Amino acid sequence: MTAASYVSPDRIRDRFSAAMSDMYRTEVPQYGSLLALVDQVNRETLDRDPALAERLVQRGELERLNIERHGAIRVGTAEELAMLRRLFAVMGMQPVGYYDLSGAGVPVHSTAFRPVEDAALARNPFRIFTSLLRLELIEDPTLRERAAAILARRDIFTPGVRELIELYEQQGGLTAEQAARFVDEALETFRWHRHATVDLPTYQALHDVHRLIADVVCFKGPHINHLTPRTLDIDEVQRRMPESGITPKAVIEGPPRRRCPILLRQTSFKALEEPILFDGDRPGTHTARFGEIEQRGIALTARGRALYDRLLTESRKQTAGLENREHQRVLEEVFAEFPDDETELRRQGLAFFEYELTGAGAATDIAEGGDMERLIGQGLVRAAPITYEDFLPVSAAGIFQSNLGGAETSAYEGNSSRDEFEAALGVPAIDELSLYAGREAASRRGVSGAGD
Ligand code: OOG
Ligand code: NI
């Protein structure tokens, strides 16, 4: 078998993401309504703003917009996380970033499995925010051991997917038939299970410590808990959600609305209370699955990120308890300090850009080490913002909390443990900033090396 006869990981990811979306649409009809609303608002936004449409086409992002999704799952053990890493690798997805949510009262730490190469991102940037439960944060030792014992009994992977993952690793690829089977088998891990694996008192005891713990421990697998489309106007979708019969969470997470969007803005609708069956077919309910939308902006450098973090912290003192409109108004005031102009973002080294020669630039001999801003001013080079492909810990905590009904707590503060997370994962999580920096640096070389 030659490499050419294997299906590319990009193709497998694309199919898997579509299959996951179909499955979630059947399982959670509100997700279908949200997709329709996002699609409608995206169309209107593009009609209203042809310059935005043009920029998206140039960056190859218009095509990916309609298929772009991120989802989230939560697992219970190091073995589960390590196997997931191998599963996602079949689809060209690697662990990027480390998110510690314990400081926000959520007993998990997380990474995002996603493609990293430009071409793969352009094809389908499908990402899965993956959290590992930190059982060590359960104080009661009896309950902690009980949770660990329950988790030790389950296998969240089908025998078929285990075989196919091994086959992929041995062969270096999957044939069309194997890839099709892989998609079907892998999907099983993310499916909803109506039967809990425990009795009601056990569920209740775990739920009383933290609803998230019950969600991770009491089921056969890590059901996908949301799947998120990307919108071009999150404020408008939030405003219209009630008209589609969807109740949004109180406020939009992340930075305020800006002329040059930065990082990531997110909002979600409340998790559904769904009927389940405990041991002995005793009926009950569980609340875990919800819907979310996101709007993506430019990736920030370490310096830009530090400014974002500082302003966000400052704003949080003032926005506590405000409804969305006031919340946004205060955020905008505080973020007035963050330059909202591409030239300034570049000059101050706050955000990442990709540089390329214009037609005129390609026809000119450009000296190496030339000043980029001058070349841009002369119309020889074009700078395009690099889109942020990752997540934000404070926002993620806000999404978790709005769905767990938990009040903010600092119960688990000071417990960051990247080393332990990476030991469980089996590899280091890739540093997201290095990916953006690498992309920017390569584009700079492309510009100055063009005449060589
Ligand atoms: C994940 C919540 C975080 C995001 O987009 O930041 C998240 C979860 O609830 O499992 O999805
Ligand atoms: Ni999400």
Quick check: anything in the range 265-278 within 17 Å of the chain's Cα centre (by Cα) and among the acidic types (Asp, Glu)? no
If only one of 202, 158 is surrounded by fewer than 20 Cβ atoms within 10 Å (Cβ to Cβ), of a type in the set (Ser, Thr, Tyr) and more than 23 Å from the chain's Cα centre (by Cα), which one is it? 158
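When the residues of the range 63-84 are narrowed to those that are β-branched (Val, Ile, Thr) and surrounded by fewer than 20 Cβ atoms within 10 Å (Cβ to Cβ), which ends up nearest to ligand 2 (Cβ to nearest atom)?
Within the range 63-84, the match that is nearest to ligand 2 (Cβ to nearest atom) is 67.
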Only one of (1) within 16 Å of ligand 2 (Cβ to nearest atom); (2) modelled with pLDDT of 90 or more does not apply to residue 106, and that is (2)
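Taking the range 256-284 as the region of interest, how many residues are in a strand (DSSP E or B), touching a strand residue (DSSP E or B) at 6+ places or on another chain (Cβ under 8 Å) and either modelled with pLDDT of 95 or more or not β-branched (Val, Ile, Thr) (or both)?
Within the range 256-284, the first condition is being in a strand (DSSP E or B), and the residues that meet it are 262, 264-269, 273-278, 282-284.
Subset that is touching a strand residue (DSSP E or B) at 6+ places or on another chain (Cβ under 8 Å): 262, 264-269, 273-278, 283-284.
Checking the rest, the ones that are also either modelled with pLDDT of 95 or more or not β-branched (Val, Ile, Thr) (or both) come to 262, 264-266, 268-269, 273-278, 283-284.
Total meeting the criteria: 14.
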Checked 385, 339, 393 against criteria (within 16 Å of ligand 1 (Cβ to nearest atom) and surrounded by 15 or more Cβ atoms within 10 Å (Cβ to Cβ)); the one match is 393
Qualifying positions in the range 343-402 - under 36 Å from the mean Cα position of the chain (by Cα), assigned to a helix (DSSP H, G or I) and aliphatic (A, V, I, L, M): 345, 372, 375, 376, 394, 396, 397, 399
Any residue that is surrounded by fewer than 16 Cβ atoms within 10 Å (Cβ to Cβ), without any contact (Cβ under 8 Å) to a residue 24 or more places away in the chain and small (Gly, Ala, Ser) - is there at least one of those in the range 239-252? no
Any residue in the range 63-78 that's assigned to a strand (DSSP E or B) and more than 16 Å from ligand 1 (Cβ to nearest atom): show its pairings with residues that are at pLDDT 95 or above and not β-branched (Val, Ile, Thr) at Cβ separation under 6 Å, as long as the two are six or more apart or on different chains. none
The correct count of residues that are surrounded by fewer than 21 Cβ atoms within 10 Å (Cβ to Cβ) and either under 19 Å from residue 425 (Cβ atoms) or aromatic (Phe, Trp, Tyr) (or both) in the range 115-133 is 1
What is the number of the single condition among (1) touching a helix residue (DSSP H, G or I) at 6+ places or on another chain (Cβ under 8 Å); (2) not in a helix (DSSP H, G or I) that residue 228 does not meet? (1)
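With respect to residue 51, determine if the residue is under 30 Å from residue 358 (Cα atoms), more than 16 Å from ligand 2 (Cβ to nearest atom) and surrounded by fewer than 19 Cβ atoms within 10 Å (Cβ to Cβ).
Numbers: under 30 Å from residue 358 (Cα atoms): yes; more than 16 Å from ligand 2 (Cβ to nearest atom): yes; surrounded by fewer than 19 Cβ atoms within 10 Å (Cβ to Cβ): yes.
Criteria met by residue 51.
Just to be sure, is residue 191 of a type in the set (D, E, K, R), assigned to a helix (DSSP H, G or I) and surrounded by fewer than 17 Cβ atoms within 10 Å (Cβ to Cβ)?
Numbers: of a type in the set (D, E, K, R): yes; assigned to a helix (DSSP H, G or I): no; surrounded by fewer than 17 Cβ atoms within 10 Å (Cβ to Cβ): yes.
No, not satisfied.
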Kindly provide the set of residues from the range 314-333 that are closer than 21 Å to residue 247 by Cβ and among the polar types (S, T, N, Q), ordered by number. 319, 324, 328
Answer yes or no: is there a residue in the range 313-328 that is more than 26 Å from residue 34 (Cβ to Cβ), crowded, with 17+ Cβ neighbours inside 10 Å and among the β-branched types (Val, Ile, Thr). no
Answer yes if at least one residue in the range 227-242 is touching a strand residue (DSSP E or B) at 6+ places or on another chain (Cβ under 8 Å), modelled with pLDDT under 95 and more than 16 Å from ligand 1 (Cβ to nearest atom), and no otherwise. yes
Has the range 135-149 got any residue that is in contact with a strand residue (DSSP E or B) (Cβ under 7 Å, 6 or more places away or on another chain) and either of a type in the set (A, V, I, L, M) or within 16 Å of ligand 1 (Cβ to nearest atom) (or both)? no
All but one of (1) surrounded by fewer than 16 Cβ atoms within 10 Å (Cβ to Cβ); (2) touching an Asp or Glu at 6+ places or on another chain (Cβ under 7 Å) hold for residue 41, so report the exception by its number. (1)
Residues being of a type in the set (S, T, N, Q) and assigned to a helix (DSSP H, G or I) - total across the range 137-164: 1
Kindly list the number of the only condition in (1) away from ligand 1 (no atom under 14 Å from the Cβ); (2) under 19 Å from the mean Cα position of the chain (by Cα); (3) closer than 22 Å to residue 205 by Cα that fails for residue 91. (3)
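Return the residue satisfying two criteria in turn: it lies in the range 168-188 and is among the hydrophobic types (A, V, I, L, M, F, W, C) and crowded, with 17+ Cβ neighbours inside 10 Å, and of such residues it is nearest to residue 79 (Cα to Cα). If you could, list the steps in order and put the result at the bottom.
Our first condition is that a residue be among the hydrophobic types (A, V, I, L, M, F, W, C); within the range 168-188, this holds for 174, 176, 179-180, 182-183, 186-187.
From the residues that got through so far, the ones that are crowded, with 17+ Cβ neighbours inside 10 Å too are 174, 179, 182-183, 186-187.
On the way: 174: 23, 179: 23, 182: 20, 183: 21, 186: 16, 187: 18 Å.
Per the stated criteria, the residue is 186.
The values are calculated or read from the model by the stated rules, or taken from the named source; none is laboratory data. Just so you know, these numbers come straight off a predicted model, no measurement behind them. Cβ sites come from the backbone with ideal geometry, for glycine too, and all protein chains shown count toward neighbours.
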